[in-house]
Every structure is written in C-alpha cells, then in structure tokens.
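Shown next, in structure tokens, is the structure this report addresses.
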Amino acid sequence: MRYLLMFKSTAFSEAGINYDQDYMTHRTAYAKSLAQAGVLLADETLLPSSSGLRITFSLEGGKADVTVGPFSADSGLMEGFLMIEAPSVDEALEWARRAPVPKGRGKVDIELRQLADPAETYHDPNIMALETNLREQI
C-alpha cells in the first residue's frame with residue numbers, strides 16, 4: 001500500500017528560510033534509510049506558497065477564479081511530502097515517527113494518508129453504488 005507523509009508548512013517555510021545543516025544531514029540520512037529499506041517512492045519539497053496559484057471553482061460552474069499566493073500557513077499548506085510503500089498503516093506510521101524534526105522552528109505536523117488504489121476503488125460495491133447514485137442525480 002502506498003502512503004503519503006505530508007509535511008505541513010510553517011511560517012519559516014513560507015518565508016523561504018532554509019533549514020540548518022544539522023537538520024539537513026538528518027533529513028538526508030532519513031531519506032537514505034527509506035530508500036535502502038525499499039519503501040521510498042518519492043521525496044519532494046515545495047516552494048513557498050508565494051510562488052503558487054489557487055484555482056477555485058464555484059458550485060455553479062463557469063470560469064474558475066485564480067488567486068496568486070502567498071497563502072496563510074495556518075490553512076494547512078504543504079511544505080513537502082514523501083511517498084512510501086508499506087504493508088500496513090502501522091509500518092507507515094513507524095516510518096513517519098522516525099522523521100527528523102528541525103529544532104527551533106515551532107510545532108511540526110506530518111499528516112499520514114493512504115493513497116487510493118484505483119484497482120480496488122473501481123470494484124468497491126459501496127463506491128459503485130455512490131457513483132450510480134451520483135449519475136442518477138445528474
């Protein structure tokens with residue numbers, strides 16, 4: 001099963017303040033340990049939201065609204081993510097707990113989420129019933 005470890009933005013990351021060398025050394029070692037264990041699928045860092053765009057679609061449809069960043073770090077922005085392959089949520093959680101945490105930058109939030117497996121999703125009777133219901137409403 002694939003899992004996403006989403007590292008939440010902070011005021012520091014949104015300001016573009018780089019991490020210190022000690023943290024970067026630990027972060028690199030952590031990524032290498034994931035790779036050596038054969039569980040690492042992706043490891044990406046995002047630029048601050050000041051370089052981003054937010055596209056909003058209204059309920060009525062029509063033209064999408066585009067808002068230029070920056071956006072508030074309090075709104076759950078991501079600073080980066082790791083995608084790993086693990087046999088269970090417990091093992092994915094253990095990998096998440098091993099992630100290094102930078103010192104002196106406040107609270108660190110990592111959100112762990114399982115990625116949907118399209119092969120399983122398409123054959124799930126509950127999802128198929130929901131899709132049928134939605135089609136009938138349209």
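The values are calculated or read from the model by the stated rules, or taken from the named source; none is laboratory data. Every value quoted in this text rests on a predicted model; they were computed, and no experiment measured them. Cβ sites come from the backbone with ideal geometry, for glycine too, and all protein chains shown count toward neighbours.
Within segment 106-117, is there a residue that is among the hydrophobic types (A, V, I, L, M, F, W, C), under 30 Å from ILE138 (Cα atoms) and without any contact (Cβ under 8 Å) to a residue 60 or more places away in the chain? Yes - at least one qualifying residue is present in segment 106-117. Among residues of segment 36-63 being of a type in the set (A, V, I, L, M, F, W, C) and loosely packed, with under 10 Cβ neighbours inside 10 Å, the one that is farthest from THR10 (Cα to Cα) is LEU59. Restricting attention to segment 1-24, the residues that are touching an Asp or Glu at 6+ places or on another chain (Cβ under 9 Å) and either part of a strand (DSSP E or B) or loosely packed, with under 12 Cβ neighbours inside 10 Å (or both) add up to 7. Taken over segment 25-52, the residue count meeting the criterion of being within 24 Å of ARG113 (Cα to Cα) and either without any contact (Cβ under 8 Å) to a residue 24 or more places away in the chain or not in a strand (DSSP E or B) (or both) is 19.
Of all residues in segment 60-86, those satisfying the criterion of being in a strand (DSSP E or B), under 30 Å from ALA96 (Cα atoms), touching a Lys or Arg at 6+ places or on another chain (Cβ under 8 Å) and of a type in the set (A, V, I, L, M) are MET78, MET83, ILE84. Against the conditions (1) part of a strand (DSSP E or B); (2) out of contact with any Leu (no Cβ under 7 Å at 6 or more places or on another chain), LEU112 satisfies every one except (2). Filter segment 112-130 for residues that are charged (D, E, K, R) and either at pLDDT below 75 or more than 26 Å from the chain's Cα centre (by Cα) (or both) and give the result. Scanning segment 112-130 gives GLU120, ASP124.
Cβ separations smaller than 7 Å between residues 6+ apart or across chains give the following pairs from segment 1-22 residues that are hydrophobic (A, V, I, L, M, F, W, C) to residues that are assigned to a helix (DSSP H, G or I) and surrounded by 12 or more Cβ atoms within 10 Å (Cβ to Cβ): LEU5/ALA96; ALA11/ALA73.
For the residues LEU82, LEU77, the requirement of being at pLDDT 95 or above and not small (Gly, Ala, Ser) singles out LEU82. Starting from residues that are basic (Lys, Arg) and assigned to a loop (DSSP other than H, G, I, E, B), keep the ones in segment 87-108 and report whichever is surrounded by the most Cβ atoms within 10 Å (Cβ to Cβ). The selected residue is ARG105.
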